[in-house]
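Nothing in this text is a laboratory measurement; each read-out follows from the coordinates by a stated rule. Predicted model, so just to flag it, every value in this text is computed and none were measured. All Cβ positions, glycine included, derive from the backbone under ideal geometry; neighbour counts span all protein chains shown.
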Amino acid sequence: MAYLLIVDDDADFANAVATVCRAMGHETQIVSTPGETLPRVSEHRPDAVILDVMFPEDPAAGFQVARDLRRHAPDLPILMLTAVNQQFPLGFSHRDIDPKWLPVTDFVEKPVDFALLRERIARLLAGPRGEAQP
Amino acid sequence: MNGAADSAAPPARYRLAPVPEAPAGAPPPDAASEAAWIEPVLRANAVWFCQLRWLVVGVLLVVAATGLVPALPAAVGLRIQPLWPAVTAGVLAALNLEFMRRSRAAGGPGARGSIRAVLWAQIASDLVILTAVIYWVGPDWPAAPFMYLFHIILACLVFSPGQSLAVLGLAAGLYGLSLWSVSRGWLPASTIRLEGTGSLGLPTPGQLWAGLVPMLLVWGVIWYLVSRLAATLRRRELELAETNRRLAASSEERAQHMLQTTHQLKAPFAAIHAMTQVLLGGYAGELPPPAREVAGKIADRCLALSRQIQEMLQLANLRSRAQTAPPLRPLDLAGVVREVLGRLEPAARQRRIRLDAALQPAPVRAAPDHLTMLVDNLVVNAVTYSHNGGVVEVTCAPEPGPAGGARLTVRDHGIGIAPEKLPRIFDDYYRTEEAVAHNRASTGLGLAIVRQVARATGATLEVESAPGRGTTFTVIFPGAHPAAAPAPTPPSAAQPQSHHGLPADR
């Protein structure tokens, strides 16, 4: 059993993801603003973070959260979920989605197929830092 | 808000002043934008003048050379001392070198005023040298007043009417001064005419004025006409440039707005889709079969709508980024196709459609994401319009010949497209009736995306189709030198199938 932190401002979406995670036997916490993330991680370090990109006050806040998390906990696996196509980062700089630069472990596009989500979460928790297998 | 500290703090206030809307018509361009726009033009003109001046230097040198053989000018009644034109050519050449250097340097930052200064120095020194030449040639030389017209007209073209009038005044002053000096005996009279062919009587002041006033009138009329025309043209050009800038800005703004809107639409569907999956997955308890069916339909429609929004997003993004497209990189087309086929294979298998691939390494230059999108949409299209149990054949190969390039074909044996409908299939949202009857869910944007990517990549699209027998899309990627890209193969007359080529730059 693992402890997963879900960071998403859409409560319905976050709850659905949490339901799936709990069904997989994991413990979950939902955080709805980017600012709460780091304190919550410091308080109780999760085994992985599931992170949204766009938040109401900043359409690229998820990227900043990911960078902050990486600085704070370099080994923490991060799965980024976004309604913005990973390859068409509207409004984000190319720097933001450069896979070499963007400090997330994996990317899944919304709407998320839950079978795929389960697989990605399992992989995230399995490997060293949950690196995606080639 | 309800804490003690909050109630003690003064309420924050923010005031939004009404922003004055720009008038609908093009506003009169302000001086700063005109200056910014005009500087490069002035600089180009300054360099151009320098190039023209070399011609004058050449003419003076030819005249000097003619003077070395006195028999030549004497044949047309002239007597030329070679020293005068040679020295003048030397001075002009030296000045021109300096002007050339300064004109080129004036484009640098912070040198805004200096390009005008260089132009003025050029014109003033030209007028002085021209006056000296005219003095030497002789005051009764009939072409003399016309020689100043070059500078007056050029000044009208590059300067404001007031400034070109000042050039006219300078020219008149210099010409008048030289005539006056000779008539008063301050300067010895000079002529290149052989004595005896014309009488070199010094004009009286009265005769001088009688000659100068009509000349000034002609100069004035020419100045008025040319400067007026030039000012009109300049204003029109400036207005056009401004209109063009506004159009580009508004189109970018619209595309950005659309992208934001589509994202805002997509997020709720992601939530709805997630919740239907909670229902379908039994995470909220087992559903009775009719309820499962309804939840499944909700999930399907959600996905379809989400895909449509995704494609709108992609297309708008491709179009809004057309100006700052990601750089083209050398890629192996076969690798991209293999990746796409691997991803789409499970969906094709559900409809018992086989994906046959014959892939040779084929180097192309493209933006990786865009190329993936092009291949993805073509294969999805072929699978969508195949019959269940059908075959989709995908091939890629390098183009033969030194120009290089690559060719991708995606062939299906599905419903096909009627010939008269082929030219429209790349239009946004266009779907043939047969396509809608075969598959209600697709969006009509996939081929528009294909066209947009092909355009950005410089690739040519071709489609061949026969209703009921299937469709073949061919993408011809240019080689390293886009100019040498292979032309689309013309349709053979005997071919029973319809054929439609779509050049990428249509």
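Summary of computed values
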{"read-out": "Test item: B:276-283 mean partner chain Cβ contacts at 10 Å", "value": "5"}
{"read-out": "Those aspartates and glutamates that a straight Cα-Cα span of less than 12 Å connects to B:K421, excepting residues fewer than 8 apart in one chain", "value": "B:E433, B:E434, B:E464"}
{"read-out": "Protection-proxy order for peptides B:425-438, A:44-57, each taking the mean of Cβ atoms within 10 Å per residue, highest first", "value": "A:44-57, B:425-438"}
{"read-out": "Estimated distance in nm for a label pair at B:W209 and B:A75, the labels positioned 7 Å out from Cα along Cα-to-Cβ", "value": "4.5"}
{"read-out": "Spatially proximal aspartates and glutamates relative to B:K297 (Cα-Cα < 18 Å; intrachain offsets below 8 disregarded)", "value": "A:D113, B:E286"}
{"read-out": "Region B:336-461: C-alpha gyration tensor shape, a/c 1.5 cut-off, then a/b vs b/c", "value": "oblate"}
{"read-out": "5 Å binning of all Cα-Cα separations within region B:257-320, expressed as whole percents from 0 upward", "value": "4, 19, 23, 18, 12, 10, 8, 4, 2, 0"}
{"read-out": "Hull volume in cubic angstrom per residue (convex hull over the Cα atoms of region B:162-293)", "value": "227"}
{"read-out": "Within 10 Å of each Cβ in B:264-270, the average number of Cβ atoms from other chains", "value": "6"}
{"read-out": "Efficiency of FRET between B:A304 and B:A231 - r from beta-carbon atoms, R0 45 angstrom, step 0.05", "value": "0.15"}
{"read-out": "Exercise: per-residue mean of other protein chain Cβ atoms within 10 Å, B:293-306", "value": "1"}
{"read-out": "Residue among B:V364, B:F426, B:V383 farthest towards the positive dipole end of region B:329-502, charges placed on Cβ", "value": "B:V383"}
{"read-out": "Cβ-placed point charges (K, R +1; D, E -1), dipole of region A:1-60 about Cα centre in debye, nearest 20", "value": "320"}
{"read-out": "Among B:L78, B:A105, B:W54 the positive-end extreme of the charge dipole of region B:37-123 (Cβ point charges)", "value": "B:A105"}
{"read-out": "Cβ charges +1 (Lys, Arg) and -1 (Asp, Glu), total dipole of region B:56-189, debye", "value": "340"}
{"read-out": "Rounded Å value of the spacing that divides the Cα centres of region B:386-400 and region B:340-358", "value": "11"}
{"read-out": "Options B:N317, B:Q264, B:A291, ranked by Cα towards positive dipole end of region B:257-320, top entry (Cβ charges)", "value": "B:N317"}
{"read-out": "Filtered trypsin sites (Lys or Arg not before Pro), region B:145-237: DSSP coil and at most 14 other beta carbons within 10 Å", "value": "B:R184"}
